[in-house]
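The values are calculated or read from the model by the stated rules, or taken from the named source; none is laboratory data. In this text, all values refer to a predicted model and were calculated from it rather than measured experimentally. Every residue, glycine as well, gets a Cβ built from its backbone with ideal geometry; the counts of neighbours run over all protein chains shown. Accessible surface is based on the protein model in full, side chains and every heavy atom, while ligands, DNA and RNA are left aside. Shrake-Rupley method; radii C 1.70, N 1.55, O 1.52, S 1.80 Å.
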Amino acid sequence: MASIEVGRICVKTRGREAGSKCVIVDIIDENFVLVTGPSKLSGLKRRRSNISHLEPTDKKIDIQKGASDEEIEQKLQESGLAEFMKEKVKPKLTVI
């Protein structure tokens, strides 16, 4: 659970946004977090997401809990991660 923290950049692994990158904005409880793209960069709107549907990356930005999309977009521009957020990742297939 240490890698799930506010400001951590993750990749959605399931759902229609699978392969999109997002930023954790708030931790709701032990199973859910609030994430955003922001939608201008990665196309992902602010929404609740299950932690098991996220794959954390090694990148993190310094934001406050509940930061707005504009603040997050500005921090991503400052840290040079805006282009990184636009890139799609091919989701790994899991065999059941």
How many residues are in contact with a helix residue (DSSP H, G or I) (Cβ under 6 Å, 6 or more places away or on another chain) and farther than 20 Å from residue 81 by Cβ when one looks only at region 1-30? 1
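Would you kindly identify the strands (runs of 3 or more DSSP E) lying entirely within the chain that contain at least 2 residues that are open to solvent by less than 20 Å² (accessible area, probe 1.4 Å) and touching a residue at least 24 places away in the same chain (Cβ under 8 Å)? If you could, list the steps in order and put the result at the bottom.
Details: elements: 8-12, 21-27, 32-36, 47-50, 54-60.
The qualifying strands (runs of 3 or more DSSP E) are 8-12, 21-27, 32-36.
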